[in-house]
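The values are calculated or read from the model by the stated rules, or taken from the named source; none is laboratory data. Owing to the predicted nature of the structure, the values given are computational and were not obtained by experimental measurement. When we count neighbours, we look across all protein chains shown, and the Cβ atoms used for this are built from the backbone with ideal geometry, even at glycine. With ligands, DNA and RNA removed, areas are computed over all heavy atoms of the protein, side chains included. Shrake-Rupley method; radii C 1.70, N 1.55, O 1.52, S 1.80 Å.
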Amino acid sequence: MRKLLSADLYRLKRDKVFWICFLGMLLYTVLGMLGNCGQALRDTASFTYTLDMFYFIYNLPIGLLIAVFVSMFLGAEYGDGTIRNKLIVGHTRRDIYLANLVTNMVGGSLLLLAGLIGGLCGIPFMGTWKMGRMALVFILASAMCVAAYAAVFTLVGMLCSNKAVAAVLSILLFLGLMMIAVTLYYSLAEPEVVNGLIITAEGMQMGDPSPNPRYLTGLKREIYQFALDVLPTGQCIQMEELTAVHPVRMMVSSLVIAVGTTVCGIWAFGKKDLK
């Protein structure tokens with residue numbers, strides 16, 4: 001497996017799609033941070049801004065970038081016949097799968113590193129983090145989330161031999177998970193009470209507070225929060241918004257997803273007909 005991993009890492013180092021994604025992540029975080037810094041400098045009289053509020057913006061696009069580079073990276077192996085050649089020289093399917101998975105995790109970690117580096121450009125404007133050790137917890141949770149993304153999209157890429165189809169499926173899967181996470185997040189963000197608007201002859205006035213029928217309570221709220229903590233996209237939204245309250249649950253969920261999809265992927269790849 002060492003030779004397989006060495007060869008895959010060499011391919012990663014020369015992969016154009018990966019470096020485009022890397023530069024895209026770096027550019028996204030730098031421009032996003034500078035834009036937020038500009039807003040902070042213009043609005044210092046009414047609100048105090050900190051680096052923590054914007055530093056984790058890399059969480060939103062990282063899943064999409066991993067989906068793109070993993071599907072294209074693995075698709076090239078099928079297109080060039082590399083996987084069949086690896087089998088011919090005696091490598092097992094399990095080793096091939098695991099070598100690709102580790103390579104994809106390394107690539108995802110480098111994309112995360114690009115996001116972390118890009119966010120540092122906000123330090124001269126807003127100083128360092130105010131959340132203390134929780135910043136390290138969020139970074140670790142991001143790394144675990146990257147591992148989960150890499151495992152999921154490796155499963156898709158290894159089981160789909162068509163590069164274009166694998167890319168479309170991976171992107172659609174990410175977008176679907178993101179839509180579910182956004183729905184869960186905004187359902188949980190509903191206020192407990194609402195102030196109704198009353199239209200009078202003098203204009204609109206605020207009415208008395210009343211219970212919000214869309215506010216989630218009890219078991220339903222716990223289920224929504226659990227689902228949001230489990231989904232990698234839900235974890236990323238919470239970290240980007242600094243609303244994550246169960247970081248340990250999130251990291252454990254990412255680990256379970258990574259291990260579970262890897263076990264399923266190795267089994268399914270072992271059954272796949274490689275023509």
task = With a length cut of 24 Å (Cα positions projected on each helix's long axis) and a Kyte-Doolittle mean of at least -0.5, go through the chain and give me the DSSP H helices that pass.
result = 16-42, 59-79, 93-119, 134-159, 163-188, 247-271
For the chain, convex hull volume per residue from C-alpha positions, Å³ = 167 Å³
task = Report the FRET efficiency, 1/(1 + (r/R0)^6), for ILE88 and ARG249, where r is their Cβ-Cβ distance and R0 is 45 Å, rounded to 0.05.
result = 0.50
note = Asserting the computed 222 nm helical MRE of the chain (DSSP H runs at least 4 long, -39500 (n - 2.57) per run, divided by residue count, to nearest 500) equals -24500 deg cm²/dmol
query = On average over all directions, what projected area in square nanometres does the stretch 45-119 have, based on the convex hull of its Cα atoms?
reply = 6.3 nm²
Among the listed pairs LYS86/LYS163; LYS16/LYS272; LYS163/LYS220; LYS13/LYS86; LYS16/LYS86, those beyond 30 Å (Cα-Cα) = LYS163/LYS220
request  = List the residues whose amide H sits under 5 Å from the amide H of VAL194, counting only those 5 or more places along or on another chain, with H placed 1.01 Å from N in the peptide plane.
outcome  = SER210, ASN212
request  = For the stretch 101-175, give the percent of accessible area contributed by carbon and sulfur heavy atoms, probe 1.4 Å, rounded to a whole number.
outcome  = 79 percent
message = Probe of 1.4 angstrom, ligands and nucleic acids ignored: what's the accessible area per residue over the chain, in square angstrom?
response = 52 Å²
